[in-house]
Amino acid sequence: MSMRDILVTNALPYANGPIHLGHLLGYIQADIWVRFQRLKGHRVHYVCADDAHGTSIMLSAEKAGVSAENWIEKIRQEHHSDFCKFAVNFDIYHSTHSEENKKLVNRIYRALEAAGTIKSHTIEQLFDPEKGLFLADRFIKGQCPKCKAEEQYGDNCEICSSTYSATELLNPYSTISGATPILRKSKHFFFDLPQFSQFLKNWTRSGVLSPSVANKMAEWLDSGLQPWDISRDAPYFGFEIPNEPGKYFYVWLDAPIGYMASFAKLCADKNISFENYWENAENTELWHFIGKDIVNFHALFWPAMLETSNFRLPTAISVNGYLTVNGQKMSKSRGTFIKAATFAEYMETETLRYYFAAKLGPNPDDFDLNLEDFVLRVNSDLVGKLVNIASRCAGFITRGFNGKLASELMDKSIYDSFLAKADTIATAYDDREFSKAMRAIMTLADHANAWIAEQAPWKLAKANQHDPNIQQICSLGLNLFKILIVYLKPVLPDLAKEVESFLNLPSQTWDEAKIPILGSTINPFKPLLARIDSAKVEAMVEASKENLSKTKTTPSAPIDSPLAKNPVSDEIEFADFAKMDLRVAKVVSCHHVEGADKLLQLRLSLGKDSQGDEIERTVFSGIKEAYSPQQLEGRLVILVANLKARKMKFGLSEGMILASGEGKDVYLLEPDEGAEPGMRVC
């Protein structure tokens, strides 16, 4: 096997808030992959940095009464500390506000300019006359020009789902100062992305992206690319454009260059060749691990910039989905918006690494952290299966044989059967099929426990704790345990280190799983991992709750199904009916609910919010007899969007879809042709 030279980057967290579990999904995925590659003997450089520029950071620093430089350094240290708590081990954790980044940004910009890809145009934007800055849509609110709803952002209405220009808002105001914005013209610089359309069509289909991500990029490419605005006006915290006073590079131009800058800093510190990875890069690999919300920047703008400036292109872009908790978007009011630091305060952090690994694959599927399942999975797999092997065997070796292991394996066939799975598990790791690897490992753990139970050393010990058969049985059990720990080392590095100390072993590589430990002395066994107490999870959730009573929120809700059996109900006032928020929703996905005779679980989309994020709900509906999941996916339904959420045996349900009939004769109410997700039903 030839050694690979790999540079791995993670998406740069924005220096304007704490790391939470949604962030950690992508970082833990990358760290597991990096650790596996190193365990296999490959050379890997793993870099990241804080994304430290932009208006939001400038305003946050101003509000805190500190300089922007002090603000971003404080956040950078907090972020790095959080990553360390979860064993995410970067070789360098840098900042995009660095001399290395400024130098590379200017170099790339000059290359883009020399290639004729930079154009300038005068545009008209809303301007805050009190604050003295141009306003992005998220900093403008007013009345929707369509339905007249108050407090709507400058790009779309959350009430009627209309989209519009910020200049169309009625009675607009700046959310920064409260002033009425005015129109003002300004010269902006654009990267001519449309000229790269054919190049990007070929590159996005070259295998660097998963098929589903490539298909998503095709939607952008087929609809026609637009020039990309890469400049912002002062005041702005970032790098000033050369020879253009008062003009700054947009944060998304310098953010990905931050990968290069972080590596350049590492190269200077560790005497590594920057050119071998970014210029003369035939024998090296570049892997980006990112979330699906920033794919367009990495798969369209970034490769076009690299191609123009004569730098290498990524080998692969690994994309993870969004994290939900208990089947729904993370919520501060429900306590499921859990910060990394809060989780670390209440839980062993490697339990989260394992749970992520147990469910992660290579595709950008959304990931649900079901807290009840999390407790059951960790207690069953890590405590009940894995650690149980060592706890069942170690005491007999210590008490009966002074900690000394047998000098030979009593049954080499079972030992060899564990080693035979090494290539299958390694391939799964390499392909980022972590869930497949975890299933294979836990199947082996089941086999080990079954074999130990069959041998029953505790029965032999009742007669004679010094019986040589006990030493043979327990020594083989611990050897099987050692193999499993090596297989799990990318996921559980801290636990692996404890086990290596317990077994008196040096740090193990992947190939050293093949070497049995015979005739050596182990240390007395100490508990390696405690069972998770559900009360601790509840306390963590409670500690994560924020009082949002003064904040305007969108109610959530579950589903009862089908509708009431009585043909006529008591009369209600119109005001009662008006309380119902009926919305058009699209069925994004649907599947059967295990253990339920009548229920289907539906994931519904209500369109996008003002930040461009998908608004989604999970509902459970008793329509299984009438509809199959395949019949429902992609279909429009009517959702009672403000029905109070209801906790069911199978999860939290957030709304009711409207239907008539019962049993096999249920019929869904559907909107007419032309309706779109999020529209209010009148």
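Points worth noting:
- Within region 16-38, the only residue that satisfies the criterion of being within 17 Å of G258 (Cβ to Cβ) and at pLDDT below 95 is N16.
- Single residue of region 490-511 satisfying the filter (under 25 Å from T398 (Cα atoms) and charged (D, E, K, R)) that is nearest to the chain's Cα centre (by Cα): D494
- Hits in region 456-473 - residues which are assigned to a helix (DSSP H, G or I) and under 22 Å from L518 (Cβ atoms): P457, L460, A461, P468, N469, I470, Q471, Q472, I473
- Selection within region 66-86 - of a type in the set (S, T, N, Q) and open to solvent by less than 70 Å² (accessible area, probe 1.4 Å): S67, S81
- Test result for R439, over 21 Å from P527 (Cβ atoms), basic (K, R) and not in a helix (DSSP H, G or I): no
- Any pair with Cβ under 7 angstrom, 6 or more apart, that starts in region 46-58 at a residue that is farther than 19 Å from M260 by Cα and ends at one that is in a loop (DSSP other than H, G, I, E, B) and not aromatic (F, W, Y): G54/G238; T55/A136; S56/N16; I57/A15; I57/N16; M58/P235
- Set T308, T336, T342: member being β-branched (V, I, T), crowded, with 20+ Cβ neighbours inside 10 Å and closer than 22 Å to S81 by Cα: T336
- Single condition L112 does not satisfy, out of (1) open to solvent by 30 Å² or more (accessible area, probe 1.4 Å); (2) more than 29 Å from the chain's Cα centre (by Cα): (1)
- Qualifying residues in region 443-454 (those that are among the aliphatic types (A, V, I, L, M) and open to solvent by 10 Å² or more (accessible area, probe 1.4 Å)) - the one nearest to the chain's Cα centre (by Cα): A450
- The selection criterion, being buried (at least 18 other Cβ atoms within 10 Å of the Cβ) and among the β-branched types (V, I, T), does not hold for T315.
- In region 667-678, the residue that is modelled with the highest pLDDT out of those that are in a loop (DSSP other than H, G, I, E, B) and crowded, with 20+ Cβ neighbours inside 10 Å is P677.
- Looking across region 476-513, the residues that are of a type outside the set (S, T, N, Q) and part of a loop (DSSP other than H, G, I, E, B) come down to K489, P490, V491, L492, L503, L505, P506, W510.
- So A426, is it exposed (fewer than 15 other Cβ atoms within 10 Å of the Cβ) and farther than 30 Å from R603 by Cα: no
- Inter-residue pairs, beta-carbon under 7 Å, first within 16 Å of R110 (Cβ to Cβ) and β-branched (V, I, T) and in region 301-312, second outside any helix (DSSP H, G or I) and open to solvent by less than 10 Å² (accessible area, probe 1.4 Å), 6+ apart: T308/T117
- Pairing each residue of region 455-477 that is surrounded by 24 or more Cβ atoms within 10 Å (Cβ to Cβ) with any residue that is assigned to a helix (DSSP H, G or I) and of a type in the set (S, T, Y), provided the two are 6+ apart or on different chains, yields C-beta distances under 7 Å for L476/Y415.
- Output for region 624-650, where each listed residue is open to solvent by 50 Å² or more (accessible area, probe 1.4 Å) and at pLDDT below 80: E625, Q630, Q631, R646, K647, K649, F650
- Residue count, region 268-285 (criterion: within 14 Å of V44 (Cα to Cα) and in a helix (DSSP H, G or I)): 3
- Taking the criterion of being in contact with a strand residue (DSSP E or B) (Cβ under 6 Å, 6 or more places away or on another chain) and either of a type in the set (K, R) or more than 17 Å from E348 (Cα to Cα) (or both), the residues of region 367-402 that qualify are F367, D368.
- Number of the exception - A437 against (1) free of Cβ contacts under 8 Å to residues at least 60 places away in the same chain; (2) surrounded by 18 or more Cβ atoms within 10 Å (Cβ to Cβ): (1)
- Search result, residues across region 246-270 that are over 18 Å from V8 (Cα atoms), out of contact with any helix residue (DSSP H, G or I) (no Cβ under 9 Å at 6 or more places or on another chain) and either in contact (Cβ under 8 Å) with a residue 60 or more places away in the chain or not small (G, A, S) (or both): K247, Y248, Y250
- Selection within region 385-417 - among the polar types (S, T, N, Q), surrounded by 14 or more Cβ atoms within 10 Å (Cβ to Cβ) and closer than 16 Å to L476 by Cβ: N388, S391
- Selection status of K339, touching a His at 6+ places or on another chain (Cβ under 6 Å), modelled with pLDDT of 95 or more and not hydrophobic (A, V, I, L, M, F, W, C): yes
- Residue count for region 238-267 satisfying the condition of being open to solvent by 20 Å² or more (accessible area, probe 1.4 Å), within 20 Å of A68 (Cα to Cα) and either assigned to a loop (DSSP other than H, G, I, E, B) or out of contact with any Lys or Arg (no Cβ under 9 Å at 6 or more places or on another chain) (or both): 4.
The values are calculated or read from the model by the stated rules, or taken from the named source; none is laboratory data. Computed from a predicted model, the values in this text were never measured in an experiment. Please note: Cβ atoms are built from the backbone with ideal geometry, for glycine as well, and neighbour counts cover all protein chains shown. Accessible surface areas use protein heavy atoms only, side chains included; no ligands, DNA or RNA. Shrake-Rupley method; radii C 1.70, N 1.55, O 1.52, S 1.80 Å.
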